[in-house]
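Bear in mind that the values in this text are calculations on the coordinates, not laboratory data. No experiment lies behind these values; they were computed from the predicted model shown. Positions of Cβ are backbone-derived with ideal geometry, glycine not excepted, and every protein chain shown enters the neighbour counts.
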Amino acid sequence: METNQILETIRMIEEEKLDIRTITMGISLLDCIDSDGGKARQKIYDKITRLAQNLVRTGEDIENEFGIPIIHKRISVTPIAMVAGASGDKDYVAYAKTLDEAAKATGVNFIGGFSALVQKGYTVGDRRLVQSIPEALAVTELVCSSVNVGSTRSGINMDAVGEMGRIVKETAERTADAQGLGCAKLVIFANAVEDNPFMAGAFHGVGEADCIINVGVSGPGVVKRALEKVKGERFDVVSETIKKITFKITRMGQLVGHEASTRLGVPFGIVDLSLAPTPAVGDSVARILEEMGLESAGTHGTTAALALLNDAVKKGGVMACSHVGGLSGAFIPVSEDAGMIEAVEVGALNIQKLEAMTAVCSVGLDMIAIPGDTPAETISAMIADEAAIGVINNKTTAVRVIPAPGKKVGDNVEFGGLLGRAPVMAVSSHSAAEFIARGGRIPAPIHSFKN
Amino acid sequence: MKAILTVIGKDNVGIIAGVSRQLADLQVNILDVSQTIMNGYFTMMMILDLSAAKETFGDVKKALADKGDELNVQIKIQREEIFTSMHSL
């Protein structure tokens, strides 16, 4: 072991904010299904608290021994619409409360999976779950919800897109005293992945094992620092530099994932290598783009810079670990990234540019505050645009916007913690109401004649 | 279990003596040592074997951190795998 390698690792952790963002335990709840809702919820609570009882302590032990911060410990479960559908319950808020209680009992930071997959149509359970979302997110603290409304194989369910615009609005209004915080725990996906450890979109897919450990690694600061050393060099060098540094970051995720899975006696699922920013100084994806030579994130060239970053991150990470999964790439949430916030405030970054950026990176319009009086149809239309980008390009996209009650463009919304602060951004004032009112489905795209 | 100890701080009399004494008290064996002055800072690394240690990893870590406060340097101890996994295949 060479001295400079040891110091490099220590510097990455201490100065450049390298961290394991989350150890997420995925738990299948399919064996908790019961025609009696009360019994089902008891089984859910028992299973989660049994399997995850040592999750937080194990995470803390690993953090202590290896000296790498593990920011969150989380749980993801089978989409509740599938589990609750067998019961005669008319609304599923009680299930959300059970998840919240189980999460609190185990000490985790979030639990994801109050979810429905409706890309082609609704079951009875899906419909009841979606209608329960606003209240569920208002009366729980740790529960995260997601709804998948489109996929490359099945197209876009425009009825669901229309409904989700209204659900987002209602969720914001139900949590108006917290500036619409409920919406920060609600993601609308196209091509949702089944092994994503990141919130708010994590759920445990039906193709997964009974219980698994997934790990999310982050470290935008480390990438930025590496690029500072190749200032002015050609893009070939930029790409190689990002690949090498993300390789190192991912190795750490692999180690922690393997260690957690061994100690908990649970199979290791995947490492999700995603550059996930936090509001802390030096932990920003926008600053990486600016390090490549852009005056501010959001200016012309941003999409190309992000495309290179996202691709090089994947290439570096894939060889570094046995199983890569989840979303793996770069996240561009506005409120959680000090550089993105600044770019919005100086007028360099708007929603149109963010939409273009989502075509080349992980996820989508993420943690964006919009005016509280934005019509539900406009939010639906934003969801439709994002879903179209995902469905046509065979990638995951998502919308997590907060129509902050009573707020106008230029106001600020403070969420605190990892969720950060969001400047309220302008949306188009032209209506999409008639477009959304049509409903029905946008058919799956053709998979040939690509151009 | 092997671990890497790093000591960084302003150079002073008795750092190596203080750290090694503490390790001996904790029944921790030193396998390798490298020490230099980097940009004016005392920088020392040790590879340690904790298999004979009676205390838990957390207690060893705490005892060393306290010793660091006393010697006016920063002492960290981390399991070796965090470094080997990152830098070697």
Taking a cut-off of 13 Å between Cα atoms, list the aspartates and glutamates near residue A:243, but don't count ones fewer than 8 places away on the same chain. A:311
Could you list the square roots of 5 times each eigenvalue of the Cα gyration tensor of segment A:23-190, that is, the equivalent ellipsoid semi-axes, sorted largest first and rounded to whole Å? 27, 19, 16
Over chain A, the quotient of the Cα radius of gyration and 2.2 N^0.38 Å is 0.93
Of the candidates A:75, B:41, B:72, the farthest towards the positive dipole end of the protein assembly as shown (Lys/Arg Cβ +1, Asp/Glu Cβ -1, centred on the Cα centre) is A:75
Quick one: of the DSSP bridges fully inside the protein assembly as shown, what percent are antiparallel, nearest 5? 55
Which one of A:226, A:115, A:52 is farthest out on the positive end of the charge dipole of the protein assembly as shown, using unit charges on Cβ (Lys, Arg +1; Asp, Glu -1) and the Cα centre as origin? A:115
For segment A:407-451, report the % of Cα-Cα distances exceeding 16 Å. 68
Quickly rank A:50-60, A:436-446, A:360-370, B:44-54 as a protection proxy: mean count of other C-beta atoms within 10 Å, highest first. A:360-370, A:50-60, B:44-54, A:436-446
Could you give me D for segment A:216-437, from Stokes-Einstein at 20 °C and 1.002 mPa s, where the hydrodynamic radius is the Kirkwood radius over C-alpha pairs? Units µm² s⁻¹, please. 118
Straight-distance crosslink candidates among lysines, where the alpha carbon sits under 16 Å from residue B:10 and sequence neighbours closer than 8 are dropped: B:67, B:76
Kirkwood calc, segment B:1-43, C-alpha pairs only, radius in angstrom 11.4
Past 23 Å, Cα to Cα: identify those pairs from A:229/A:315; A:73/B:2; A:17/B:61; A:185/A:408; A:43/A:169; A:224/A:314, in the order given. A:73/B:2; A:43/A:169
Percent antiparallel among DSSP beta bridges (both partners in segment A:23-190, rounded to 5): 10
One can check that the equivalent ellipsoid of segment B:1-82, built from the alpha-carbon gyration tensor with semi-axes equal to the square roots of five times its eigenvalues, has lengths in Å, largest first, of 20, 13, 11
At 0.36 nm per residue, minus the direct Cα-Cα distance, what do residue A:281 and residue A:295 gain on full extension? Give it in nm, one decimal, please. 3.3 nm
Report the gain in length on full extension from residue A:352 to residue A:86: 0.36 nm times residue separation, minus Cα-Cα distance, nm rounded to one decimal. 91.6 nm
The farthest towards the positive end of the charge dipole of chain A, of the residues A:64, A:365, A:420, given +1 on Cβ of Lys and Arg and -1 on Cβ of Asp and Glu, is A:365
Go ahead and run the numbers for FRET between residue A:54 and residue B:17, Cβ-Cβ distance against an R0 of 51 Å, rounding to 0.05. 0.80
For an R0 of 25 angstrom, estimate the FRET efficiency from the Cβ-Cβ distance between residue B:38 and residue B:65 and round to the nearest 0.05. 0.75
Rounded to the nearest 20 Debye, what is the dipole magnitude of chain A about its Cα centre when Lys and Arg each give +1 and Asp and Glu each give -1 at the C-beta? 720
Quick calc, residue A:7 & residue B:52: beta-carbon distance into FRET formula, R0 30 Å, rounding 0.05, result 0.60
Under unit Cβ charges (Lys, Arg +1; Asp, Glu -1), what dipole magnitude, rounded to 20 debye, does segment A:1-65 have relative to its Cα centre? 600
